[in-house]
Amino acid sequence: MERVVQFTGPRQVEVAEHDSAGLPPGHLRVRTRYSGISAGTELTAYRGTNPYLTRTWDADARLFRDDEAGISYPVVGWGYSEVGEVTEVSPELTGTPGMPAVGDLVWGIWGHRSEGIVPAERMVGHTLPAGLEPLAGAFARVGAIAYNAVLAGGINLGEDVAVFGQGVIGLIATRLAQLSGARVTAVDALDNRLEKAKGYGAHRTLNARSGAVAESIREATAGRGTDLAIEISGAYPALHEAVRSVTVGGRVVASGFYQGDAIGLRLGDEFHHNRVEIVCSQIGGVPAPLSCRWSVERLQQTFLRLVAEGQVDVESLVSHVVPVADAADAYVLLDERPADALQVVLEF
């Protein structure tokens with residue numbers, strides 16, 4: 001039997017059981033060990049605010065259509081941060097270069113389910129680096145999201161960077177920006193996350209509730225503002241404060257998944273007068289100027305290499321490992337008590 005986590009309605013979670021499917025040609029079967037819950041995108045489906053629940057994404061036109069919903073409840077097997085053990089390989093794949101073998105630990109995307117049947121081409125190069133703890137493999141995707149935002153920022157050695165939002169992805173972005181040569185100011189509304197940010201390379205921290213974030217940043221940078229701000233919380237007021245915080249001609253990387261109307265974002269103010277550049281970072285692709293050299297696959301693989309080399313610590317970001325049978329409790333925790341959690345991982 002296969003167990004799968006599904007949302008049956010807004011804020012309604014159940015673990016369903018299904019018969020295991022046969023393995024089709026060109027696929028691998030992976031038994032899940034851990035599956036990380038996204039506290040951003042995934043919670044929009046849990047809460048019922050995800051745009052796919054009311055509109056359809058037209059991939060050819062690159063537009064959302066209002067005529068029908070793209071997904072509907074039950075939303076089955078959401079999740080994009082899995083790690084597990086290969087238990088079966090389609091026979092014709094034997095000997096394929098880079099193909100994981102039975103018994104290998106692999107990372108990838110197959111959702112919150114006890115086993116994944118995954119197309120083989122998606123698993124080439126996805127064997128966990130030697131010596132890396134299996135739990136770390138659940139960070140390949142979230143690490144790549146942070147990495148993508150840092151690359152979109154185009155950081156130069158010695159520049160000032162502010163990272164708004166110090167959840168899991170924000171903390172990783174803080175560390176990667178610091179590794180890239182930046183002096184980082186970490187911004188969040190939770191003091192415990194700001195304390196964590198100091199260990200991830202933040203030069204200074206600011207509580208967003210102080211009401212004077214941009215002013216404090218400008219004071220600390222001789223009046224200039226930061227060269228770059230990365231906004232990763234998905235809150236419009238934070239994006240507005242990021243715009244206020246950068247220098248004339250500065251760049252803001254908008255990497256959060258913003259919901260609804262842009263209440264709190266005013267584009268007639270500092271954005272207009274300081275000629276601020278806002279760029280979007282989204283894990284569907286890499287920054288256009290880097291697309292000849294970088295790919296989403298390279299982002300994920302390089303991030304795990306940095307973890308394996310000890311340059312980025314991800315295991316200390318795990319606040320809760322929850323048995324899959326208690327998945328509903330894990331979502332309540334992230335939804336209602338975010339100050340008490342960082343990365344919540346389901347264990348199968």
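The values are calculated or read from the model by the stated rules, or taken from the named source; none is laboratory data. Owing to the predicted nature of the structure, the values given are computational and were not obtained by experimental measurement. Here the Cβ positions follow ideal geometry from the backbone for every residue, glycine too, while neighbour counts run over all protein chains shown. The accessibility values were calculated without ligands, DNA or RNA, using every heavy atom of the protein model including side chains. Shrake-Rupley method; radii C 1.70, N 1.55, O 1.52, S 1.80 Å.
List of remarks:
- Any hit, region 218-240, residues being surrounded by fewer than 19 Cβ atoms within 10 Å (Cβ to Cβ), assigned to a strand (DSSP E or B), over 22 Å from the mean Cα position of the chain (by Cα) and not small (Gly, Ala, Ser): no
- Region 187-216 - residue that is in contact with a strand residue (DSSP E or B) (Cβ under 6 Å, 6 or more places away or on another chain) and in a helix (DSSP H, G or I) and, of those, surrounded by the most Cβ atoms within 10 Å (Cβ to Cβ): Ala197
- Among the residues of region 52-91, those that are within 20 Å of the chain's Cα centre (by Cα) and crowded, with 16+ Cβ neighbours inside 10 Å comprise Val75, Val76, Gly77, Trp78, Gly79, Tyr80, Ser81, Glu82, Val83, Gly84.
- Check on Ser114, more than 15 Å from Glu297 (Cβ to Cβ), in contact (Cβ under 8 Å) with a residue 40 or more places away in the chain and among the hydroxyl-bearing types (Ser, Thr, Tyr): yes
- Across region 188-214, the number of residues qualifying as out of contact with any Lys or Arg (no Cβ under 8 Å at 6 or more places or on another chain) and over 14 Å from Ala242 (Cβ atoms) comes to 17.
- All conditions in (1) buried (at least 23 other Cβ atoms within 10 Å of the Cβ); (2) farther than 17 Å from Phe139 by Cβ hold for Gly181, with the sole exception of (1).
- Residue list for region 241-251, filter: of a type in the set (A, V, I, L, M) and open to solvent by less than 10 Å² (accessible area, probe 1.4 Å): Ala242, Val243, Val246
- Only one of the numbered conditions (1) farther than 25 Å from Leu317 by Cβ; (2) open to solvent by less than 40 Å² (accessible area, probe 1.4 Å) is violated by Gly158, and that is (2).
- Candidate set: region 27-51, residues that are more than 23 Å from Asp329 (Cα to Cα) and surrounded by 22 or more Cβ atoms within 10 Å (Cβ to Cβ); chosen: the one farthest from the chain's Cα centre (by Cα): Leu28
Results for (1) closer than 26 Å to Gln166 by Cβ; (2) of a type in the set (A, V, I, L, M, F, W, C), shown as yes or no for each residue.
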site: Ile37; (1), (2): yes, yes
site: Thr44; (1), (2): yes, no
site: Thr49; (1), (2): yes, no
site: Arg55; (1), (2): no, no
site: Phe64; (1), (2): no, yes
site: Asp67; (1), (2): no, no
site: Ile71; (1), (2): no, yes
site: Pro74; (1), (2): no, no
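- Neighbours by Cβ (under 6 Å, 6+ apart or cross-chain): first from region 142-160, among the polar types (S, T, N, Q); second crowded, with 23+ Cβ neighbours inside 10 Å and not in a helix (DSSP H, G or I): Asn148/Ser281
- Meets criteria (at pLDDT 95 or above, closer than 19 Å to Ile155 by Cβ and buried (at least 17 other Cβ atoms within 10 Å of the Cβ)) for Val279: no
- Any hit, region 154-174, residues being aliphatic (A, V, I, L, M), assigned to a helix (DSSP H, G or I) and over 15 Å from the mean Cα position of the chain (by Cα): no
- Being closer than 25 Å to Pro338 by Cβ and either open to solvent by 20 Å² or more (accessible area, probe 1.4 Å) or of a type in the set (A, V, I, L, M) (or both) is a condition met by no residue of region 116-129.
- Just one of the listed residues (Asp261, Asp326) is closer than 24 Å to Arg62 by Cα and among the charged types (D, E, K, R), namely Asp261.
- Enumeration of residues in region 252-274 that are of a type in the set (Asp, Glu) and either in a loop (DSSP other than H, G, I, E, B) or buried (at least 24 other Cβ atoms within 10 Å of the Cβ) (or both): Asp261, Asp269
- Whichever residue in region 282-306 is part of a loop (DSSP other than H, G, I, E, B) and hydrophobic (A, V, I, L, M, F, W, C) and, among such residues, is surrounded by the most Cβ atoms within 10 Å (Cβ to Cβ): Val286
- Entry remark, region 307-327: residues being assigned to a helix (DSSP H, G or I), touching a Lys or Arg at 6+ places or on another chain (Cβ under 9 Å) and surrounded by fewer than 18 Cβ atoms within 10 Å (Cβ to Cβ) number 2 in total.
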